[in-house]
Amino acid sequence: MYPFLTAAALRSAFIRVAENHGAAGSDGVSVPAFQRDLESSLVALRESVLDGDYFAWPLRQVVIEKRPGSAHTRTLLVPAVADRVLQTAVARYLEPLVEAELEDCSFGYRRGRGVLHAVRRVRQRYLEGYRWLLDADIHDFFSSVDRDLVVSRLAPLVPDELALRLVRLWLDYAVWDGLRLQRPDLGLPLGSVISPLLANLCLDALDEALLGAGLQIVRYADDFVVLAKSRKQAALAREVSEQTLASLELRLHPEKTAIVRYDDGFKFLGVVFMKDLLLQPLRTGGPKRLRVLHSARSLPESFFPEKEKRRLRRYNAW
C-alpha cells in the first residue's frame with residue numbers, strides 16, 4: 001500500500017484540512033458535508049486513485065483583499081475538499097524528501113520555522129557586519145513558475161511514481177471563475193496544499209547559487225533579501241539573482257528590487273529594519289479580516305464536461 005493512501009494517512013490529512021476551516025471547492029462539497037460519512041468518503045477517494053479513476057476538480061477562484069482596506073487584491077484557487085485531503089497526504093509524504101534538499105536560509109512553509117526566525121537571521125547578519133543588502137521581489141512568482149522545471153527537480157527525489165503522477169495531475173489544473181473554465185500554462189496554484197512545498201523546491205536553486213557566491217540570503221517563500229558587506233557584493237547579489245531566476249524562467253520586479261544600505265532602513269516580512277532597531281507598523285484596533293471581493297459559485301455539472309476530467313490513468317507526463 002502506498003504510504004499516503006493508508007486509512008490512517010488519509011484520516012490524519014482530513015483532520016488537518018478540517019482544522020483549516022476552508023471553504024468548499026468548485027464541486028460545492030463543504031468540509032462538514034465530506035465529514036458526514038467520512039470513512040466512506042476516504043475509502044472512495046483511495047479506491048479512485050488505485051483504480052486510476054481519480055480526477056481533480058477545477059480550482060474555485062476566490063479574490064480577496066491583499067491587506068485590509070487595500071485596493072490591491074490576491075487571487076486564491078481553492079481545491080475541492082477531497083483533493084485537499086489527498087494533496088495533504090501526498091505533501092506529508094513528500095515533505096521529508098524535499099526538506100533534505102533545502103538550505104538553512106529558507107524559512108517559509110517549513111516545519112519549526114517562521115517569520116520570527118527569518119527576522120532574527122537578518123538581524124544576526126547585521127551584527128556580523130553585513131550592512132548592505134539586495135531588497136528583492138520576484139515578479140508574479142506563483143503565476144509564473146515553469147511546471148516542467150519544478151517536476152524535473154522533484155522527480156529525482158521521489159521513489160514513488162504514483163506520487164509524481166498525482167503532482168503532475170494537480171499542476172495541470174483548471175480554474176473555475178464562476179463563468180468559464182481556464183487552464184493556465186504556467187504557475188503554481190496559490191491556495192493548493194502542494195504549492196508551498198514546490199515553491200521552496202523551485203527557489204532552492206536561487207539559495208544555492210547565492211550561497212555558492214559567498215552571499216547571505218534570507219528567504220521566506222518568494223520574499224527574500226541578500227545581505228552583503230559592501231555595495232559591490234550587493235551588486236553581485238543582484239547579478240547572481242537575475243541570472244539564476246532567468247534560468248528558472250523568472251525575473252526580479254524592477255520597481256520593487258533595490259540595493260540599499262541597512263542603516264537607511266528597509267521593510268521585510270512586515271518588519272521595518274533600521275540600524276539596530278526592529279519596528280513593527282502600528283496597528284489600530286483588533287485583527288481585521290480580509291474582505292472577499294469575488295467568490296466563484298459551484299460548478300454546474302454541464303460546465304465540467306467529461307473531456308475535461310483528466311483522470312490519473314489517462315495522464316501522461318509532459
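Nothing in this text is a laboratory measurement; each read-out follows from the coordinates by a stated rule. Predicted model only: the values in this text are computed from it and were never measured. Methodologically, a virtual Cβ is constructed for each residue, glycine included, from the backbone with ideal geometry; neighbour enumeration extends over all protein chains shown.
What the table below lists for this structure:
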| read-out | value |
| --- | --- |
| FRET efficiency for Ala8 and Arg311, using Cβ-Cβ distance with R0 set to 35 Å, rounded to 0.05 | 0.85 |
| Potential lengthening between Met1 and Asp148 on full extension [0.36 nm per residue; Cα-Cα distance subtracted] | 50.1 nm |
| Translational D in µm²/s for the range 7-119 (Stokes-Einstein at 25 °C, 0.890 mPa s, Kirkwood Rh from C-alpha pairs) | 152 µm²/s |
| Semi-axis lengths, Å, the range 43-96, gyration tensor of Cα atoms, sqrt of 5 times eigenvalues | 31, 14, 7 |
| FRET efficiency, 1/(1 + (r/R0)^6) with R0 30 Å, evaluated for Arg183 and Leu50 via beta carbons | 0.70 |
| Degrees separating the helix 231-247 axis from the principal Cα axis of the chain, which is the longest one | 20 degrees |
| Label zone at His253 (point 7 Å along Cα-to-Cβ), backbone N below 19 Å, the range 112-145 | 133-145 |
| Helix-only [θ]222 nm of the chain, DSSP H runs n ≥ 4, -39500 (n - 2.57) each, per residue, nearest 500 | -12000 deg cm²/dmol |
| Per-bin percent of Cα-Cα distances, the chain [10 Å] | 5, 24, 31, 24, 12, 3, 0 |
| Among Arg84, Arg36, Arg121, residue whose mean-square fluctuation peaks in a GNM of the chain (springs only between Cα atoms under 10 Å) | Arg36 |
| The range 67-148: equivalent-ellipsoid semi-axes (sqrt of 5 x gyration tensor eigenvalues, Cα, Å) | 29, 21, 14 |
| Angle between the chain longest axis and helix 81-99 axis [Cα atoms, degrees, rounded to 10] | 40 degrees |
| Most mobile listed residue (Leu293, Leu188, Leu77) in the chain, GNM with C-alpha springs under 10 Å | Leu293 |
| Whole-percent pair-distance distribution, where bins are 10 Å wide, for the alpha carbons of the range 169-318 | 8, 26, 27, 22, 13, 4, 0 |
| Degrees, to the nearest 10: 161-171 long Cα axis against longest axis of the chain | 80 degrees |
| Candidates Leu215, Leu179, Leu149: whichever shows maximal mean-square fluctuation once the chain is modelled as a Gaussian network with Cα springs under 10 Å | Leu179 |
| Charge context of Phe141, other residues only, Cβ under 12 angstrom, K/R +1, D/E -1 | -3 |
| Normalised per residue, the volume of the convex hull around the Cα set of the range 98-244 (Å³) | 123 Å³ |
